[in-house]
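The values are calculated or read from the model by the stated rules, or taken from the named source; none is laboratory data. From a predicted model like this one, the values you see are computed outputs, not experimental measurements. Positions of Cβ are backbone-derived with ideal geometry, glycine not excepted, and every protein chain shown enters the neighbour counts.
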Amino acid sequence: AADDLVQKGQLNPEEASNVINNLLNQVKAEQSNFESYVQRQVRNVLQDLGVPRQSEMDELRGRLDRLERQVRNLENQVYRR
């Protein structure tokens, strides 16, 4: 479209380049905003469904590991008696 306007003499090449660059910058900004919006929406849906976050899963794994160690230690104490 910009090339057509340049060929018709309605824009000079520098103006056409500026228009295209401005348009590309707006598209990139909107894309970033859209990606952030989609991420927030997905996070909200997962939260509404009760799906735990990765940090919550990591915390539970750590707690489970500690409990398993405690059980093993208690079992070892009982068997040593």
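Here are some notes:
- So Val42, is it assigned by TED's automatic domain parsing to the domain that holds Ala1, in a helix (DSSP H, G or I) and modelled with pLDDT of 95 or more: yes
- The set of residues in segment 45-56 that are of a type in the set (A, V, I, L, M, F, W, C), in a loop (DSSP other than H, G, I, E, B) and surrounded by 10 or more Cβ atoms within 10 Å (Cβ to Cβ) contains only Val51.
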